[in-house]
Structures are given as C-alpha cells and as structure tokens.
1. Which value, in debye to the nearest 20, gives the size of the charge dipole of the range 299-481 about its Cα centre, when Lys and Arg are +1 and Asp and Glu are -1 at the Cβ?
2. I'd like the Karplus ³J(HN,Hα) series for the range 15-26: coefficients 6.51, -1.76, 1.60, θ = phi - 60°, whole numbers in Hz, and an x wherever there's a Gly or Pro.
3. Once phi is turned into ³J(HN,Hα) by the Karplus curve 6.51 cos²θ - 1.76 cosθ + 1.60 with θ = phi - 60°, what whole-Hz value does each residue of the range 285-290 show in order, with x for glycine and proline?
4. Return the sequence-ordered ³J(HN,Hα) values of the range 171-177 in whole Hz as given by the Karplus equation 6.51 cos²θ - 1.76 cosθ + 1.60 applied to θ = phi - 60°, using x for Gly and Pro.
5. Tell me which trypsin sites (Lys or Arg not before Pro) from the range 246-297 have a DSSP coil assignment and no more than 15 other beta carbons within 10 Å of their own.
6. Over all distinct alpha-carbon pairs, what is the Kirkwood Rh of the range 366-445 in angstrom?
7. Would you mind ranking Leu315, Leu392, Leu196 so that the residue whose beta carbon has the fewest other beta carbons within 10 Å leads the list?
8. For a bin width of 10 Å, list the pair-distance distribution of the range 299-481 built from all Cα-Cα distances, rounded to whole %.
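What follows is calculated from the coordinates using simple rules that are stated; it is not laboratory data. Keep in mind that what you see is a predicted model, and the values were worked out from it rather than measured. We place every Cβ from the backbone using ideal geometry, glycine too, and count neighbours over all the protein chains shown.
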Amino acid sequence: MNIRNDVVQADIGLLLEGTFPYVRGGVSSWVYQIIRGFPDLTFAVCFLGSREEDYGEMKYELPANVVHMEQHYLHEKGSAPSAAECPDNKEAFEVVRALHDWYGEKKLNLENQYLGRIVELDRIGRYGEKDFLYSRESWNYITELYRKNCTDPSLIDYFWTVRTMHAPLWKLMNIAVNFVPCGAYHTICTGYAGFLGALLKKGRDKPLILSEHGIYTKERKIDLFQAEWISDTRGELEKGTSEVAYFRELWVRFFETLGRECYDAADRIISLYEANRLRQVSDGAAAEKTRSIPNGIDFSHLDKLRSKRPHEIPLVVCLIGRVVPIKDVKTFIRAMRTVVNAMPGVEAWIAGPEEEDPAYARECRSLAEGLGDSVRFLGFQRIDDILPKIGLLALSSISEALPLVILEGYAAGVPCVATDVGSCRQLIEGGSAEDIALGAAGIVVGIANPEELAAAIIRLLSDSALWQSAQKAGVERVKKYYTQESMFAQYRAVYEQALTATSAVNTPPAAEKGRCVWQV
C-alpha cells in the first residue's frame, strides 16, 4: 500500500527492512536523522516487513522530503498465486541450477549473470513465481537437492522451508519492477532489503549504497539460535557451528547468500566502525568498496540537557532500548537485584517499547517481581525527558553496532556500563591513542554476566570522583568524534558521488537539454 504516490521520481530510494517508520529507536532513529539532515534531497521509502500485524501504526511522522512511501509484507498469508499446472521450462531451470551452483561455490566479486537472467525471465513471463511454486521441474529440483544435501529432516519439512525462504524473492522482483525511479538506492542492511537493492542495481543500473549498522547475517544467526518456529528434528541447538540444527543452518546459508549478492552489487559499502568493516570484507565485500562512517548525534542540542541535571548523582540506572532478547534485559534485572541489595536507594529504569516481543516482556516483568519499586518499566520515553534524571546508562545487549543511545547519554553527561559487543569498548575506552587519552567514559563488562555488570554499576555509583571522570571523558569523546555534522558531511559526499554518477548516465543529448531522462 502506498502512503504517497503522487511523484514519479526521487533522489534517493531508501530500502528499509523492519525499521523506520514502523519501529522506534536504533536504526530507525538514524534513518529519520539522515532524511531530516538532507532537506535538499528527496527520498522514496520502501519498507519491508514480515506480516502487517507485527507493526501497527507508523511510529514516525514522515518528513516533507519523503515524497514517496510504500510498504510490503513478505510473509503475508494468502499472498501466493493460486495453484495451477505450469508447463516445464528446462531452459529456465538450467539458469536456476547454474545460479544455485554459483552461490554454492561462494564465488565473490564476480559478475553474476544468472540472477539477471532470472529477473529477465520473470519480467517476460517465462519463469515466475508460479513456475517456482507449482511446476514439475521445480518439484524435481527441490527433491534432487533434498536427496543430495539432506537426509535427516523429512522431505515435507524441507519442501516448506525452501518455499518459505524463496517465496519473498519473487515479491522483491515485482517491487523492483514497480518502485519509483531514483537517482541512487540506499539500503540499510543486506538481507531482503539488500537483495532488493541488488535487483534495482542490476535492473536499472543506478548506484547502490549499503550502510550496515550491525552485520545482518550475524544478527540473523542470533535470532535463529533463539527461534522456536523452525522445524527441527535434531533436538536442542548448540552454539558450536558443527552442531547447528539443519534448518537453522539452511536459513543461515540463505541469508549469507543474500548478503553476498548485495555486497557484489553495491557501489559503496559503509560500516559504523573498523571492526565491522573488516567483518564485511571477510564476508565477501570488496575491500576497495568499503569505508567506515560512525554515527553522530546533535551534540549542541543534547549538551543543553546537562544544565537540567541535579547537583548530586542520581541513583538511577537506566536501560534505554527495546525489551527484546537481543538486549538481554533479563541480565540487567538480575544485576540490579545485586545492586539494590548493596545500595538500597538505587532504582533501575527500563525505558523502551515492549510490543515487539510481548512474551519476553512478560518474562522480564516476572523476573523483576520481588524488587518492588526498585525496578520500573517505563515504556517508550523521549531522550530529552529521561537523560537528565539518570545517573548511569546500562547496556546488557548480546549484540550491538554503534549505539546512538551511548552517544546521546555522553552528550547529556551520563556515563555508561556496557557489554563488550560491537563498538561499545571503543566508545567507552577510546579507539585511537588520542581518543584513549581522553579516559574511560564508563566500564566494559562481559556478555550475560550479571555479577560483573552489578559490580561495575556499584563501582561507578559509589565513587563520585570516578563518575565525574567518566562523565568528562564521555562529553569530550562525543564532541570530538561523534557529531552529526561530521556524519552528514561524509554522507553528503557519498550521496553527491552517487547522484553525479547518475547524472552522467542520464545526461540528455544536446537537442534534448532541459528534459530529464530517467532509466527505468
């Protein structure tokens, strides 16, 4: 369904999966920041979700320079075409077979002609979703792969897993054909949105920019380790790669394949920090395409919040984020039980929406029973309202990239205790020698270790000199390295380079000056 469809083109096409404008915080906040940071550019937004009922109403008001918005739900029930016998198409399936062989060999940074051929076959009606779902050749190929690669799970489970994986790809092909023309496309992850970006790049020959906040395949592995919906005949999942249950492994390989396709198609691949850039390269991104652009915040605005802080350090520890397993809110609650026993006046605030995973949120509330008013679930809160009232930020996440909330907290004068994930150690202790010299802006702790987290919280809240030193280091670090002005300047250069390349392609001949020619 289109929110706006009264325009025929935009400067930047944003390809978003499970984020803005239907989910608050994190990557969504960054997308909103980017759109508003470039009021002279127009944006067309394509939102991809799983099912419509998972999201509800939009959480952000669309800025005026969003001139087109559409959303698509890739796993909506009843969206497949009606069953019908399809004639065999051996030529098309030879292309399919070659494509799968290409993926299986993990040939990186090579020209993949097979995907483009399948897109073309779909466009002219010679091989489409019906062929994939209902043709005898499709059934024969799936059973062949089953016999070759899989003998433990049942064929029925294997069949439906393959169908569930691949069905959204046909929707993405249709979206790519009908999406409004743009000067360049910008995807915020690999996965389905990244695959859509690859389709648009191959179909329209316009620049594709990829900005990965976290590494998509890594985060999907975490989700898959915890997933209960995957049919599994091999018992409980263990963390060792060799012991990963078959269907989980199949899903991981699938998302790795989508990631390689996006890396191959992208003209510019951006990470938030160096460790993730190196991870992208190890996962198949061409090193010469990659660069790091760290997140930035509106320091001048958030700096004013420090004047609203009380003179005494507030005995409030706050976890700001979604109440979901990847944030490991349970470890935070367990740690705060120890903190409250040692320092009875301390409060724990959990400020974030609970609707994304209601069952997990209920488990967290149950775990907090017995702590009374010492643990408070506040739901979504505005940063401006909450930061002046807290003494310490806590991140107990099992995965992060470069959390905006840490930067926002620093600017408002709030030190942080965080797990050693993503760039958290760099944000707290510094990256370069010059950065490290600013001092530690908090304490880094291990993952899923409530005792260590509690000890760090107690240490900072009970030592005023240490807390003041951490506050000063945080303010200086964010002011020097993580402002939105710096981030905008770097993205301005990326966008200008992409749009200049587009202009060169679309420059009309002399007789047609004044008319913009868009390649669709």
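1. For the range 299-481, the charge dipole is close to 380 debye.
2. So the J values, rounded to whole Hz, are 10, 10, 10, x, 10, 4, x, 9, 10, 7, x, x.
3. 6, 5, 4, 5, 8, 8
4. Values, residue by residue: 5, 5, 4, 5, 4, 4, 5 Hz.
5. Working: sites: Arg248, Arg253, Arg260, Arg268, Arg277, Arg279, Lys289, Arg291; in loops: none.
Those that pass, being in a loop and sparsely packed, number zero.
6. Across the range 366-445, the inverse of the average 1/r is 13.9 Å.
7. Working: Leu315 16, Leu392 24, Leu196 30.
Taking fewest neighbouring Cβ atoms as first place, the list is Leu315, Leu392, Leu196.
8. Computed distribution, short to long bins: 10, 41, 38, 10, 1.
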